[in-house]
Structures are given as structure tokens and as C-alpha cells.
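Since every read-out is calculated from the coordinates, none of them should be taken as a lab result. From a predicted model like this one, the values you see are computed outputs, not experimental measurements. Cβ placement follows ideal geometry from the backbone for every residue including glycine, while neighbour counts extend to all protein chains displayed.
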Amino acid sequence: MRRRNFLAAAGALYASGCNRIAETAPGASLLNAADGWHRAAHRLLNPPGALAPEYTTADISPFFRGNGSVNPGDGDYREQAATGFANWRLRVGGLVERPMELSLDDIRALPQRSQITRHDCVEGWSAIGEWTGPQLRVLLDQAGLKREARFIVFRCADELSGAAYYESVDLEDARHPQTIVAHMLNGAPLPVRNGAPLRMRIERQLGYKQAKYLTGIEAVASLEGIGGGKGGYWEDRAGYQWYAGI
Ligand SMILES: Nc1nc2c(c(=O)[nH]1)N[C@H]1C(S)=C(S)[C@@H](COP(=O)(O)O)O[C@H]1N2
Ligand SMILES: [Mo]
């Protein structure tokens, strides 16, 4: 509540012409002013490393609904699903020293984190689930980010209306302890509707940032030229904010 009031106050300030923060925020040239302001205000209230709330097993929603793509028919996804994703590979590339291709066994062999968190979709629903997988920062450290890397792009296997779903975050969210590459929901392999076999969990941001059907993790210096250039499928189309802090 306090946070919302602060954001409202900060919003009023912003509307009255205080847009210096937006102009000087990192990546401001790529992002609209509102995004720059939102990120700056949210970061002020949630210092680096501040955790999203975590819940108990008693809070877990009996059913975690699916939204957006829920059963991709793209490429060889259905064949892969039929074989239990035995041949699924996650590529880690772009501006890294050591590009990698990981199998699900490779992902499961890394140190794991489990977290019970609430997913909030802008369409007006929430669900609580327990997600398990390695922290993204472990993968990034193995691959070795190059100095020029500033954003991490998430590539997905599915298309919506003929365009590939994708998302992106800055390095602060990429390295956040609750940013994980999840392969389990509530102690079982991810259901197809929730992004099997791999999806991102970026717990301080809204639902559309949680990329499902993950095929690639790419370090880039700029979001220009990727998709429509606004950092994500819905950001490109519906004007959703790139920084979707909650
Ligand atoms: N690849 C992919 N990721 C996606 C989507 C999608 O359609 N495709 N939808 C997004 C939206 S809007 C939400 S709310 C969540 C839904 O996650 P769920 O299906 O596990 O509920 O996934 C997000 N990630
Ligand atoms: Mo959503």
C-alpha cells in the first residue's frame, strides 16, 4: 500500500515535468520515458537484491492456469513434448565468452533454488506456485558475460499471430537471486500450459515477463533490432511497459 502511494506521488511529480530521471536512466535511449521513471522509482523502493514475497506450501493455488500460448504447435515442439523433451536444448549465447548448449539434465545438475511466489497477470488474475530451477546468474557466470552486455534476451519456441514470443531484462534483474530458469512447478516437471520444459521466473516483475518454452538466453548490448525493438512481444504490440516492476 505504502509503495503504491509513493508511486502515485512520484507519478504526479513526474507528470509535472520531472523527467530528468528518465532521461538519465541507463538504457533511456531504448525505453520510453515512463519506463525509465518506473524503473527508477521501483528500484528506489526495492534496492538491488530486495526479494519478492515468498509464500508457504499452504498458500499454493490448487490450479495454476495457463495464459497466452498454452499448447504451442510451432516447429517441432509437439514432437519434443512427445519424447519428454529429451532433445531440448537451451542455448546461452550472444555477448558471452563461452557459448553453451544445455540439456535438461545439465540444467537439473546445477544448484537448484525453489521459491513459492505469486504470479500477477495484467489481465487481472494471480496464482501462487512453487518454482524450481537454477539461478540465471549461475548460467551467466558459467558463460561469462562480455563487458558490452547490458540486457538478457529470452527466446521462446512459440509464436503468437506469426511472431515469436520473447522477453528481456537488464543485468540487475538477470542476476537477482529469485531470477531462475524453472523446470518444475509444485515439485513436478512444468506442465505444457505453464511453459514446459523451461521457463523464466523473474519474481519482481509482471506475468508477461515470465517467458515460457525457453530455447535461448542471449546477452546483448542493445534491444534495438530485436523483435520490434521494445524488449518484448507485448511491449512491441500493446505498449506494455518493458520494466514491469511489482
Ligand atoms: N513463450 C511465452 N511466454 C509467455 C506467454 C506466452 O504467450 N508465450 N504469456 C505470458 C503471459 S501474459 C503470462 S500472464 C504468463 C502466463 O504464465 P502461465 O501460462 O504459466 O500462467 O506467461 C507469459 N509468458
Ligand atoms: Mo499476462
Relative contact order of the range 183-246 (C-alpha contacts under 8 Å, at least 6 apart) in percent is 24 percent
Within the range 65-111, DSSP-loop trypsin sites (Lys or Arg not before Pro) with at most 16 other C-beta atoms within 10 Å are R65, R89
Under Stokes-Einstein, the chain at 37 °C and 0.692 mPa s, with its Kirkwood radius over C-alpha pairs, diffuses with a coefficient in µm²/s of 177 µm²/s
Each label sits 7 Å from Cα toward the beta-carbon; between S126 and A221 the label points are separated, in nm, by 4.1 nm
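Give me the percent relative contact order of the range 2-238, please, defined on Cα pairs under 8 angstrom at least 6 residues apart. Intermediate results must be reported in sequence, preceding the final value.
Numbers: 437 pairs, mean separation 50.1, N = 237.
Once divided by the residue count of the range 2-238, the mean separation gives 21 percent.
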Sparse-neighbourhood loop hits (trypsin sites (Lys or Arg not before Pro), the range 141-233; DSSP loop; Cβ within 10 Å at most 15 others) -> K146, R147
If one compares the long axis through the Cα atoms of helix 2-15 with the longest principal axis of the Cα atoms of the chain, the angle in degrees, nearest 10, works out at 60 degrees
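Assuming 0.36 nm per residue, please report the length gained on full extension of the stretch D141 to V70 beyond their Cα-Cα distance. Could you put the intermediate results ahead of the total?
Numbers: separation 71, 0.36 × 71 = 25.56 nm, distance 3.14 nm.
Gain on stretching D141 to V70: 22.4 nm.
Can you give the FRET efficiency to the nearest 0.05 for I60 and E148, using r as the Cβ-Cβ distance and R₀ = 30 Å? Don't skip to the answer; put the middle values down first.
Working: r = 41 Å, r/R0 = 1.36.
So, using R0 = 30 Å, E works out to roughly 0.15.
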